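The values are calculated or read from the model by the stated rules, or taken from the named source; none is laboratory data. None of these values were measured; they are calculated from a predicted model. Positions of Cβ are backbone-derived with ideal geometry, glycine not excepted, and every protein chain shown enters the neighbour counts. Each accessible area value is taken on the protein alone, full model and side chains, heavy atoms only, with ligands, DNA and RNA left out. Shrake-Rupley method; radii C 1.70, N 1.55, O 1.52, S 1.80 Å.
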Amino acid sequence: MRLRSFTAATIADAMQLVRNELGAEAIILSTQRTGRNSVTVTAGVERQTALPGEVDTATIETIDAVGAVLDFHGLPPVMADRLLAAAADLLIDDPVMALAGALDARFTFMPLVESAMARPIMLVGPPGAGKTVTVAKLAMRARLAGRAVTAVTCDTLRAGAVEQLATYARLLKIPAYRAKEPEVLARAIANAPKDGLMLVDTVGTNPLDRHEMDALGAFIEAARPELLLVLPAGGDVAESADYAAAFRALGATRLIATRADAARRLGGIVAAAEAAKLHFAEIGMSPQIADGLQPVNPVSLARLMMQAAGLAGDGAAEATRNNE
Ligand SMILES: Nc1nc2c(ncn2[C@@H]2O[C@H](COP(=O)(O)OP(=O)(O)O)[C@@H](O)[C@H]2O)c(=O)[nH]1
Ligand SMILES: [Mg+2]
């Protein structure tokens, strides 16, 4: 095999150089961000390829498209490399399915099934992440699935927080309580109907503030919940990863990404899931509580990433125009 490296401003440009120089048979071995505006792609080509040219062409173009999407979302090079390698292993022609396969290989997907959740569901995350709205969305889904729901908020400090949850609870006709102290939360959980779903809303917590994290930790200990991190899409990649790691340390195991309708870069939430080994659970696609929460699976996430980058589906043309 002959190896060569090509450097360009984007993965897509570097891939073009690979194709021009080595032809359609070239195999991408690694991609690496080598500067703020430079990406190096290393490719190899067999002197005599055993595969029919057509298959190679399709695969290279697919990997090219997946690489461009990962580039758009600003994934860290190491993570992009792993996903590209996983996509290349699959030899799938459709970029959405190749990306879906790669996501499936590298991440876990575990949507919430409200009708089956036995432990309380507690949502944690930074202020404004969408926790309270997501509690309302989950409550609505559980009600539609015929499950009794009780909601409790531990956010008793912020102005309007108790009223916000109470308003949703009135609309959904579910009981809502406030728990100022961890003991009150533990009591509310003990007194809730055993076959019902308990949803616990929390105060927005700054992961850089030890006191705030300790205070949240006390509520978590009292509730022994299924702990979900709520994080908005569109956040900085490194920052989102750090946030996720901090909440993972408190016991968060799944991720609900919010505001995916209001952001196009999903690198932050992907990096968060990777950094903290969180299972992708749900994705918030609207501020409306009735239809705003969707279970995440590898194909839906791949499609969303492709559409946001303007490379697949209905949003493609518009997204591409916006990107110019
Ligand atoms: N566009 C959009 N807005 C959302 C979504 N989820 C939450 N929001 C908005 O984000 C803001 C903060 O939500 P809230 O639940 O109060 O955040 P909290 O501080 O984490 O409880 C509100 O204006 C919500 O309407 C979503 O999926 N899409
Ligand atoms: Mg709130």
Highest mean packing first, using Cβ neighbours within 10 angstrom, the peptides 161-173, 133-145 sort as 133-145, 161-173
For the pair residue 7 and residue 170, the simple spin-label estimate (label points 7 Å beyond Cα toward Cβ) gives in nm 6.3 nm
Net charge (Lys, Arg +1; Asp, Glu -1) of residues whose beta-carbon lies under 11 Å from that of residue 233, residue 233 excluded, is +2
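Mean separation of Cα pairs under 8 Å and 6+ residues apart, divided by the residue count of segment 49-205: what relative contact order is that in percent?
24 percent
What shape does segment 2-106 have by the C-alpha gyration tensor, where a ≥ b ≥ c are the square roots of the eigenvalues, rounded means a/c under 1.5, and otherwise prolate means a/b greater than b/c and oblate the rest?
Because a/c hits 1.5 or more and a/b fails to exceed b/c, segment 2-106 counts as oblate.
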Expressed as a percent, the accessible surface of the chain that is carbon or sulfur, using a 1.4 Å probe and the full set of protein chains, is 53 percent
Straight-line reach check, residue 137, cutoff 15 Å on alpha carbons, 8 or more apart in-chain or any other chain, hits among aspartates and glutamates -> 114, 201, 282, 291
To the nearest Å², the heavy-atom accessible area per residue of segment 169-245 with 1.4 Å probe amounts to 54 Å²
For residue 211 the rounded accessible area (nearest 10 Å², probe 1.4 Å, non-protein molecules ignored) is 150 Å²
Which of 29, 208, 228 fluctuates most in a GNM of the chain (C-alpha springs under 10 Å)? That residue is 208
Under the rule rounded for a/c under 1.5, else prolate if a/b exceeds b/c, else oblate, using alpha carbon gyration tensor axes a ≥ b ≥ c, the chain is classed as prolate
Scoring only Lys, Arg, Asp and Glu (+1, +1, -1, -1) among other residues with Cβ under 12 Å from the Cβ of residue 72 yields +1
With all protein chains in place and a 1.4 Å probe, residue 21 shows an accessible area in Å² (nearest 10) of 100 Å²
Under a Gaussian network model of the chain whose springs join Cα atoms within less than 10 Å, the largest fluctuation of 41, 78, 270 belongs to 78
In degrees, nearest 10, the alpha-carbon axis of helix 95-106 is tilted away from the dominant principal axis of the alpha carbons of the chain by 60 degrees
